[in-house]
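Trainee: My questions all concern the structure below.
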Amino acid sequence: MADRGELGQRKAAVLHTIVEEYVRTGEPVGSETIAERASLGVSSATIRNEMAALEELGFLSHPHTSAGRIPTDAGYRHYVDTLPARGRLKDVQRRAIASHFAEAILDLEEVLKGSVMLLSRLTQYAGVAVPPGAAEEQLVRLELIDMGPTMMVLAVGQHGRVDKQILDRPEHWSAEAFHGAARKLRGLQGKTYSDSQAKLLELAATVSADLLLLVADVLRLATRGDHATHVMVGGVANLADEAQTWRRETLRRLFETLEREQEMLQVLHDVAADDVSVTIGAEHPTTGGWEASIVTAPFRAGDVNLGTIGIVGPTRMDYLLAMASVRAVAERLSEAATELDQ
């Protein structure tokens with residue numbers, strides 16, 4: 001296969017016209033369509049020669065039942081690599097993003113769930129996201145709240161994560177014992193979930209027997225903060241609408257992977273980058289099996305990467321829209337996360 005830089009201007013124009021027409025129609029693209037759309041000022045015979053050369057180079061394939069051509073993964077890659085760095089969204093799409101982030105943001109994970117669905121609506125593909133892991137999230141509030149015969153442990157993370165647990169209050173506890181326990185827990189504020197677990201283990205060895213049960217329950221509560229990172233998925237029905245794009249078997253494998261959270265998590269980890277990343281078909285073993293593409297971007301709080309958001313769709317994708325949408329939503333998520341951190 002030739003290097004991408006070896007394509008001349010006319011070959012590149014032919015290739016890009018084929019990609020855009022195939023994405024738009026789903027039908028193999030012939031020389032007459034290219035002559036009409038690309039305005040190259042050459043004959044259909046010359047265009048057919050260019051198409052044959054692009055096929056020889058591995059950028060196009062030729063379905064046996066048609067005289068037209070369709071892009072290969074390499075053809076899509078050349079197209080994506082020459083797109084403008086920041087595509088423009090339509091006014092209606094920009095308004096949808098602005099409206100989503102205009103609401104008060106209290107819980108980053110809830111905003112992220114909504115953002116996954118927003119991306120799905122904007123692109124008509126499936127939205128995916130990896131939320132921040134809680135292990136290194138700081139506890140900004142950890143309180144023991146008196147509720148009479150019971151008490152509640154309330155833990156609030158810096159990104160809006162809230163954990164609470166109702167516990168029975170020991171009958172023989174005095175007010176002084178209660179307030180002493182509350183002070184010990186407040187001493188964990190500012191620590192990460194993982195650091196708080198280590199500190200709780202130390203407390204379990206030093207507190208009185210009356211507090212051991214409480215410490216054990218709080219430890220279990222904090223341990224929930226260290227749950228395995230999961231994947232959010234939304235708008236999967238959009239992929240079913242693209243059933244004509246995929247063979248039934250590849251679509252089945254895609255759906256199965258979306259259901260197997262850890263496998264999908266590994267794919268998103270593999271394709272992650274510092275900016276908008278596009279993975280096309282066989283560029284990754286898993287997406288090659290799906291005949292799919294993934295467009296992702298990180299979201300941050302300041303300079304710290306928190307997670308990933310993006311879309312999954314067929315290789316016959318509107319890449320310009322997908323990349324612009326993912327970039328815009330990731331940037332707004334980063335602004336929201338940074339505000340929550342302050």
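The values are calculated or read from the model by the stated rules, or taken from the named source; none is laboratory data. What you see is a predicted model, and the numbers here were worked out from it, not measured in a lab. We place every Cβ from the backbone using ideal geometry, glycine too, and count neighbours over all the protein chains shown.
Trainee: Which ones in region 180-198 are without any contact (Cβ under 8 Å) to a residue 12 or more places away in the chain and farther than 14 Å from Val215 by Cα?
Mentor: Residue satisfying the conditions is Asp195 alone.
Trainee: Another question about this same structure. Of everything in region 91-130 that's within 14 Å of Ala328 (Cβ to Cβ) and among the charged types (D, E, K, R), which residue is surrounded by the fewest Cβ atoms within 10 Å (Cβ to Cβ)?
Mentor: Asp91
Trainee: Taking into account only those residues within region 61-77 that are assigned to a loop (DSSP other than H, G, I, E, B) and touching a helix residue (DSSP H, G or I) at 6+ places or on another chain (Cβ under 9 Å), which is nearest to Leu15 (Cα to Cα)?
Mentor: Per the criteria, the residue is Thr72.
Trainee: Additional query: Does any residue of region 79-101 turn out to be at pLDDT 95 or above and part of a loop (DSSP other than H, G, I, E, B)?
Mentor: No, because not a single residue in region 79-101 is at pLDDT 95 or above and part of a loop (DSSP other than H, G, I, E, B).
Trainee: Hey, another quick one. Go through region 149-198 and report how many residues are part of a strand (DSSP E or B) and on the phi > 0 side of the Ramachandran plot.
Mentor: So the count comes out to 0.
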